[in-house]
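First comes the structure, then the notes that go with it.
Bear in mind these aren't lab numbers, they're just calculated from the coordinates by the rules spelled out. Treat the numbers as computed from the prediction; the structure is a model and nothing was measured. Glycine gets a Cβ as well: all are built from the backbone with ideal geometry, and neighbour counts include every protein chain shown.
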Amino acid sequence: MEILRNIEQIYNKINSTFDIKDQSLINEKFVFEISPYETLIKIKDSMDQPTISHEDIGNLFSLVFQLNEYTAIVCNLTHLFLICNKYEEIYSLVSKIFVAHIGNRHYRSNHATLFSERNFDRFIEIVKNAEIKNEVFIPFLLEIYKCQSNKNYANWKNPTLEYLQNFFSENENWLIDFVQENPDLRYKTYGAILDFNTNKGVEYLIHDFMKESCDKEQATSLLKNYKRDVLFYIDSEMPKAPAEEQAKLVEVMMSMGEDNEVMARIQDVYTNTKDADIRSSISNRLGISETLNIRTEKQFLYAVRRKIKEPQERTLGLPFDKLSLKLSSGALASNEVYTFLIYLFKEEKNLHNLTKLKVLENIFDKASLQQFALQMFNLISSKPDILQAKWCVRLFALLTSQNDLKIILEFLSKIINQNRQKEAKYLILCLIYGQKFEIIDYLQKMIQEQNSFIKNDLDEFVWAISKSFGMHEEDIQDMLVTNQFSLGEFDIQRDRLYTAFICGKMYPPAIFKKLFLENAIYNKLAQNLVFGEYRFGRLYNAFIIDGKETRFLIGRTLFEGDSEKDADITLSIIHPLDCDFKFEKIYHYFPTPTFNQFKPARFDCRDHNLSVTTVNRFVGVMINTPNFLKYLFSKGFQPNKLDNEIEYKSLIFKMPALNLICEVEFEKTIRENSTYNSLSYITFYKLSETLQAQGKFITQKSNAVTINSIPYRFFDFLMTIIFDGSKM
């Protein structure tokens, strides 16, 4: 009677827990016989409750394990939970099994050592005994393998990987077909395959990348994690692949960023391929213009005859006979010449390539070419939208004379005031890539006028100037500092100046004078700092800025009036690591300095061996994790993890001004509510050569830079932060 009463309680508890409408489905067979998939589907369809109470589940499990023989009901509940995607409930149920095996289908993981991992073996035995279909339980294994540690079933990760590896060996075709039919599982599966069979994973992922159904963002994220293996695969496949596949392989490489190894391979493909589409695709990415392999008037006219079969007679409504463009020989341009010239600017859409068309100044009479550019500007500027002919904007932005540039900048201000922002932005970018240096002064003027459009897009403009003129972004930001003094701007520039000091920035004399003597904000910042003149990195003297003048405290100026010798001189804010004993008297010259430039240095990278690439100074140092993280986060460090990850094992500090990142590793993974941990290695990498996927930097020790080569000011700055944080 007691057993019957217990079974009846189980019926009632299952029906109430799952809120099953057709309660006849839960009967003696459900408790004592393994139910087929079709029966469990009927039960799922009869459920009316989307969520299940943990308390109800716990009470149900207590009743189940009071049975003398509970294999069948455990198999049925597990199967039902799998169908309903109730994964935590599966872990909870299986963890309550206290026997060495369940059922007559035994399974043992080879590398499972923990008691919790042995429970995974019980789960697989349930799968085998209940003959659960692959498509029902494999998604759970993929979820286990890719889950965060805040999930209880994360304890099964190691035996899960072992099982998936064996399953893949025996059921490779089935697994690949399955994920193709279930896109939401595709990249979890590829991620697992990459871990236990990297070569196969890379092959499948690249083939997936070539399909229209590919999620490029997820695929690229995985590819970046296995960059070397991906490149080795492409190296082996590229020579024998047909043109269409070669184009896809190039696209794969392009998705991985501008890493040196990647870009070298893309350049090699461009050089060797005969496929026009591939060359065009690479041209747009690398800034290689294949349109104009022309250097002389003769070559240009030959290209005109070869390319132009049906010449235009006008453009944008203007007849060509109203123009007077001349070739360098003095001959007037024909309709064919005008047509080909316009064709060149229409074809060259990539602004990175724009200056390659400057060669036209050698082919045409320069004065008439500039006049032609002005006529094109007058023509397009009268239109309601200049973007209806972008080729024309590119043309006059590149070829206009310095005298006529003033007219274009006045027009630019006009369309900005008319809120024609898309047009204004494109025109600014064309002028930048046309290397019109005056655009920098124009941007500074607009910033000083607090123009919101310019300020909102300033980062993009600075990046474009950097690429076009080959200047460092920090130097461009210096040139854009306004003379309009405000407390907010003063604080921003003080932070920038401190970063420049930490990075050891050196200023040529002319730029130093313009910035620190003529600019109101920087002149104010400089009043309480001590500067020095350096030659070949060695400090020779010390001076201060008093008003608009300089006054030497130690030594005198190195300037000799010899331009060649003076070219070796740079100026910088003095750092204590630059100083010998004779400079000690200037350490406390200012009672309230702009910032503490003479803070005693604790660490010097020059003490490290030339071949050392990791800092071992803090290895094994115990830290209070919450305090350490709080302090380092306040100093600019950030977790090195994927966007959706909770746990991580290192911190990253980026310094774009030096093209460096610093990685601080931990002995154990940082998890939610972590209390204590130990520090591990500290390593530096080139920022531009380190791949980033979904917010995480993919670092490899083989790519680390030597500690001796790190700028010593920056090294002392970071090591001091880490040292101070470890004491928190």
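Helix 712-726 versus the longest principal axis of the chain: what is the Cα-based angle in degrees, 0 to 90, to the nearest 10?
Helix 712-726 and the main axis of the chain meet at about 30 degrees.
Taking the Cα atoms only, what angle lies between the long axis of helix 2-18 and the longest principal axis of the chain, rounded to 10 degrees?
20 degrees
For segment 517-584, which trypsin sites (Lys or Arg not before Pro) are both in a DSSP coil and crowded by at most 12 other Cβ atoms within 10 Å?
Numbers: sites: 524, 535, 538, 548, 551, 556, 565, 582; in loops: 548, 556.
Listed in order of number, the matching sites are 548, 556.
Which loop GluC sites (Glu not before Pro) in segment 59-120, with loop taken from DSSP, have no more than 16 other Cβ atoms within 10 angstrom of their Cβ?
69
Can you give the charge dipole size of segment 538-630 about its Cα centre, rounded to the nearest 20 debye, using +1 on the beta carbon of Lys and Arg and -1 on the beta carbon of Asp and Glu?
Using Cβ point charges on Lys, Arg, Asp and Glu, segment 538-630 gives about 560 debye.
Work out the length of the dipole vector of the chain about its Cα centre, built from +1 on the beta-carbon of each Lys and Arg and -1 on the beta-carbon of each Asp and Glu, and round it to the nearest 20 debye.
The calculated dipole for the chain is roughly 1920 debye.
Taking the convex hull of the Cα atoms, report for segment 86-227 its projected area averaged over all directions, in nm².
That works out to 8.9 nm², a quarter of the Cα hull's surface.
Distance check, please: which entries in 274/422; 585/701; 455/649; 146/727; 366/505; 146/630 exceed 32 angstrom between their Cα atoms? Write out the running numbers ahead of the final one.
Numbers: 274/422 37 Å; 585/701 43 Å; 455/649 37 Å; 146/727 35 Å; 366/505 40 Å; 146/630 28 Å.
Too far apart for the 32 Å limit: 274/422; 585/701; 455/649; 146/727; 366/505.
Can you sort 124, 476, 432 from fewest to most other Cβ atoms within 10 Å of each residue's own Cβ?
With the fewest neighbours first, 124, 476, 432 line up as 476, 124, 432.
Compute from the Cα atoms of the chain the Rg and the Dmax, the latter being the longest Cα-Cα distance, and quote both in angstrom.
34.5, 115
Amide H neighbours of residue 660 under 5 Å, at least 5 residues apart or on other chains, H built in the peptide plane: list them.
Counting only residues 5 or more places away or on other chains, the set is 655, 687.
Karplus couplings for segment 148-159 from phi (6.51 cos²θ - 1.76 cosθ + 1.60, θ = phi - 60°), rounded to Hz, Gly and Pro as x?
So the J values, rounded to whole Hz, are 7, 6, 6, 8, 4, 6, 4, 5, 9, 4, 5, x.
Just report the Cα centroid separation between segment 426-488 and segment 318-333, whole Å.
36 Å
Calculate the length of the line joining the C-alpha centroid of segment 209-266 to that of segment 373-406, in whole Å.
39 Å
Rounded to the nearest 10 degrees, what's the angle between the helix 243-254 long axis and the longest principal axis of the chain, both from Cα atoms, 0 to 90?
So the inclination is approximately 80 degrees.
Considering only DSSP beta bridges where both residues belong to the chain, give the percentage that are antiparallel (nearest 5).
Roughly 100 percent of the DSSP beta bridges within the chain come out antiparallel.
Can you report the principal axis dimensions of segment 487-586 using only the alpha carbons, biggest first, rounded to whole angstrom?
Rounded to whole Å, the extents work out to 39, 30, 24 Å.
Only helical DSSP H runs with n ≥ 4 go in: add -39500 (n - 2.57) per run for the chain, normalise by residue count and round the 222 nm mean residue ellipticity to 500 deg cm²/dmol.
-15500 deg cm²/dmol, from helical runs alone.
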